Amino acid sequence: MPGVETFVFYGLAALIVAGAAGVAFSRNILHAAFLLLLTLSGTAGLYFFLGADFVGVAQILIYVGGILVLLLFAVLLTNRIGDVRMSNRNVGYATTIPVALLLASFLVSAMALASWPHTTPVAAPTTARLGDAFLREYLLPFELVSLVLLMALVGAMVVARRAVRDRGDADEGALPAAPASSSVGGAP
Amino acid sequence: MGSIPYSGGWLTPPGIDAPLLWLLLFPLLGALATAILGSLFARRFAGRVAPALAVAAMLATLVTALVIFFTDVLPVGERERIFRQPLFPLFVVGGIRVSFGLVLDPLSAVMVLLVTGLGSLIHLYAAFYMDDEQGRPRFFAFLNLFVFSMLLLVLADGFVPLFFGWEAVGACSYFLIGFWYRRAAAADAATKAFVVNRVGDAALLVGIAMLLWGLGGIGLVTGAAAGQLGTVWTRTGPLVETGEGLQPSPGRQKVPVGPTLDFHELRDELRLEMMSRAAAPTNPFTGATADAAHDVQFRPATYLLTSKTLGRLPFLFVVCGLLLLGAAGKSAQLPLFAWLPDAMAGPTPVSALIHAATLVTAGVYLLARLSFLFALSPAALTVVAVIGTLTALVGATAALVQNDLKRVLAYSTVSQLGYMFVALGAGAAGAGVFHVVTHGFFKACLFLAAGLVVHAVAATTPGAAERPDLAQDMRQMGGLARALPATRWAYFAACSALAGLPFASGFFSKDLILTSLATCDRLSISTPLLLAVLGVTSFLTSLYAFRSYYLIFFARPPRQTAHAAHHGGHHGPGQQVMTAVVVVLALGAIVVGPALGWPGNWSSSQGESALPRLLRFLSPMFEGDWPRRDTPRTPAMVEWGMQLGGALVAALGWAVARALYRDAEATAPTRRRLAERYAVLERLFATGWQADRAYHLLAVAPARALARGATWLDRAVVDRAVNAVAALGLRLGRLAGFVDRRAVDGVVDGVSAAALAAGRRGARLQDGRINSYVLGIAAGIAALVVLAYFLGS
Amino acid sequence: MTLGMTTSMTTGLSAAAALASIGLGHFLVLSAVMFTLGLITAATRRSAVAILMGVELILNAAALNFVAFSHYSQGAITGQVFAVFVVVLAAAEATVALAIVLAVFRGFRTVDVTDVSTLKG
């Protein structure tokens, strides 16, 4: 008789797949964004399911709370409110679907065919161990990642700020007489 | 006359000296000098350089001829007057050695003297007659060249040099008839003369070739057959006929036999053969006359000639027929005579020299040369005589109804040449040559006198400037007896000679001809018939001669003439010289006859010394022609009869002419009635018995039809073929262009289009859309995965 | 493809018993599916933001893979370490990407990728 974990897994898996499908095929980009939220949450759930508590939390905090919000901002900033509903037409299914299906089929069959180990690890908090790993074995990547973060921050600001500074000069494609200042986080 | 110092005379038989060559070189160099220097100095000295040079050359030739004649020919014995001058070898064909050489024998000597004598006089006349003409250097150069050609012709030792001269005189005749080439009539006449001559020349050439073939051909004979072609050896020289048979004469050591182109060799061969055959008629292949002195062996070569047949015709008859045709072309006999009247479009001196005295006698000369050949074929002789008779008749009838003075004289020449041919046909070549001489004098006199008359009348004849032949119309003339006295008497003398009145030379020569004909027993046609025709012809001759005389000088009240100023008027120096020449010729026309041809029955001597002087001179050339004839001693009755008849007929003609034409106005109604009654005849005669129309039907029309056919062929076939080829080429070109455009350009364009398309398609990869980049990556990953899957499994 | 699925079911996982215990394979299959969908999103969507969403999906799939492997290897923590890295880097990347998208938006007035291309391909 299938255990609870089976149900949990398949339930979360269903969420994830549904959400991902929605992101892929939804007409409305806002719906897509929220479905992405769903997916990410589902993934977080799976992380918990797998006993990776820190990663799960990190997922929620960063992915859902940061990135997704950012995406939502972007969606809302780059579409007129009225257009949000119908803006997401798709192109090129004819070439993409076969490729994707091909890829998927091989990947899935490869992964399913392989015999994987069946261990049942003990659930234990991972935070300490992660910390340990970060500061011992993976110290260099850890530092590099922080550098990357810094660069990303600065770069984003540079990209966004340059747009602001260029406001006064030739503004190709800009709406005429729309002197609204828009920064990364400002209203249009 | 002095001679250039050699040992002995100028010629020493057998001659290898140059003098014969000088006879040719003087006129030739004269022609060159006249052409070159005359043209260079054409504007100086009133253009007299050319005539002066030409006359000088002629006089030099005459002097040379006279010197040779008197210092070399005459002193030598009668039978030794054969001087050879080999010039240069030409080529060797098979067994024949063809070479160029000259020979001076009695016949050629007579012709040389005639040509140079008459030629000099006519050159002198022409020098003044052609005053004020354009193109005098050309004229006199050709005149000299003509004399050269004629001398070459008569001095030729064989067929080859003869043919050279033959063609050359034809060419010079063309140039001189067409001297005023801008006049259509003159140009056409020259062409007509040349073409008609050509027909004769073709026949001559074929005849010569057949003769050669008949003699055994040019093949090299070897082995046994060569033994049959032997040589006749003589101890001392060539064989000549005497009363005792063939006798040697000084000079040649042997007579080669077989095919030959040399006249004397041929004659010797034939005579030897005839003699041998007579000695052994049954077996012609054996050496017949075993004559120790002569060592004769028989050879079959000439036998072939006399016994071959061509179809049903005897071979020799055909050959002689062809040679006759060749002679007829040059000597204006039937059927090739119509060119002579038209040739009067040339200047009068040309008519006098060429078409009265020399060129037209070339045919007579040829037949005289070959009389030994003709003698072997009585059929051929008959044909010659008949042709001569008919021609004489046609010429006389035509001359009777002409109104143009020169045409009268032209037809008269045709008629008189007919007489000469009659003589040849009767086997009396000597008589024919005699007539050549006398005719030369009186005809030249007539022509030159006509020239004086025409010049005198031209100034007062309306329209004569544009159409010169109007001045020659006798109906425009008349009453000139007092204006041109000397000319009148000269003309009268010449007319008498032409008519055959007993005091002028024509009588003697004509009489000799008729007598020979009367005593000829070899012809296949009845000689009395021919004689009757010739008698009528003589009457007509006298009639037309005196008709012209009276029409010119009487017929109307006397009138004055206006002489052209360029002759110095009536009594200017030019006029006097020309008149003097005419008078000299007239004197010759009277004197030459008795001098050279005093008839035998008028003299008291017997035998051979009774022969007229000229005939005696020529006898070595003609006697001994087989079958052997005795020295012709005609019955006295026949001779007297002929002479009397001839004189009567001539006098009758004169009387009728005088009655009809002396006082033309009075007789005009009579003449008109006669003209109406005989209008048809008159038309027939006037056109030379429709000779031109006959030519047109027989030659011109077929030639034109052939040309049309050829043109049609050319257009329909050749042009079509060429056009088809061109069209094919065009199509090929278009095809090539098509291929080029479609295929080649297509390939090139296709390559570029493919490159462009590939580029465009390739560019689509870089469309700037993230989606496609992602897709590309995905596809790459998919491929790798698939690959890994299959490689790993 | 169906063959593969059937095979996997019979070999890796028997019908009921396979379903009873969740093995590594399940997670891998799931992540493969998520990866594929993310790929489809990135390859077909017109909006740049949507493409970014797809990219997030892909990254997510990768991270899930890492964690799953970590879980099913005895006591190894490496997978989770990398999952954390992935998350963090995803964040950084999303930041920069969205800054670019905004810049593009300012220039082209649209984020439709088909429209923002000036290439002539």
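The values are calculated or read from the model by the stated rules, or taken from the named source; none is laboratory data. Being a predicted model, the structure only gives us computed values, none of them experimental. Neighbour counts are summed over all protein chains in view; Cβ atoms, including those assigned to glycine, are modelled from backbone coordinates with ideal geometry.
Just a few scattered comments:
- Here B:ARG704 fulfils each of the conditions (1) surrounded by 11 or more Cβ atoms within 10 Å (Cβ to Cβ); (2) closer than 30 Å to B:SER412 by Cβ apart from (2).
- B:ALA42 satisfies every condition listed in (1) without any contact (Cβ under 8 Å) to a residue 24 or more places away in the chain; (2) assigned to a loop (DSSP other than H, G, I, E, B) except (1).
- Options B:SER351, B:SER377; residue that is within 22 Å of B:LEU261 (Cβ to Cβ), in contact with a helix residue (DSSP H, G or I) (Cβ under 7 Å, 6 or more places away or on another chain) and in contact (Cβ under 8 Å) with a residue 60 or more places away in the chain: B:SER377
- Only one of the listed residues (B:ARG760, B:ARG734, B:ARG742) is within 13 Å of another protein chain (Cβ to nearest Cβ), among the charged types (D, E, K, R) and either loosely packed, with under 12 Cβ neighbours inside 10 Å or more than 30 Å from A:LEU113 (Cβ to Cβ) (or both). That residue is B:ARG760.
- Total residues in region C:52-69, condition surrounded by fewer than 24 Cβ atoms within 10 Å (Cβ to Cβ) and at the interface with another protein chain (Cβ under 7 Å from one of its Cβ atoms): 0
- Restricting the search to helices (runs of 4 or more DSSP H) fully inside region B:680-756 and requiring at least 3 residues that are closer than 30 Å to B:TRP339 by Cα and outside the structural domain of B:LEU409 (by TED's automatic domain parsing) gives B:691-695, B:701-713.
- Residue that is farthest from the other protein chains (Cβ to nearest Cβ) [pool: residues in region C:72-97 that are under 15 Å from A:PHE49 (Cβ atoms) and free of Cβ contacts under 8 Å to residues at least 24 places away in the same chain]: C:GLY79
- Candidate set: region A:92-113, residues that are under 21 Å from C:ASN65 (Cα atoms) and either of a type outside the set (A, V, I, L, M, F, W, C) or more than 7 Å from chain C (Cβ to nearest Cβ) (or both); chosen: the one surrounded by the fewest Cβ atoms within 10 Å (Cβ to Cβ): A:LEU101
- Filtering region B:642-668 to residues that are touching a residue at least 60 places away in the same chain (Cβ under 8 Å) and not aliphatic (A, V, I, L, M) leaves B:GLN643, B:GLY645, B:GLY646, B:GLY653, B:TRP654, B:ARG658, B:TYR661, B:ARG662, B:ASP663, B:GLU665.
- When restricted to residues that are surrounded by fewer than 22 Cβ atoms within 10 Å (Cβ to Cβ) and in contact with a Ser or Thr (Cβ under 7 Å, 6 or more places away or on another chain), region B:166-207 contains 1.
- Condition met for C:ILE58 (within 30 Å of A:TYR10 (Cβ to Cβ), among the β-branched types (Val, Ile, Thr) and part of a helix (DSSP H, G or I)): yes
- Matching option when the condition is of a type in the set (S, T, N, Q), more than 21 Å from the chain's Cα centre (by Cα) and within 14 Å of chain B (Cβ to nearest Cβ), among C:THR118, C:THR41: C:THR118
- Filter result for B:LEU37 (under 20 Å from B:ALA168 (Cβ atoms) and of a type in the set (A, V, I, L, M, F, W, C)): no
- Contact map, region A:1-23: first residue more than 7 Å from chain C (Cβ to nearest Cβ), second residue of a type in the set (Phe, Trp, Tyr) and in a helix (DSSP H, G or I), Cβ cut-off under 7 Å, separation 6 or more or different chains; pairs are A:VAL8/A:PHE49; A:LEU12/A:PHE49.
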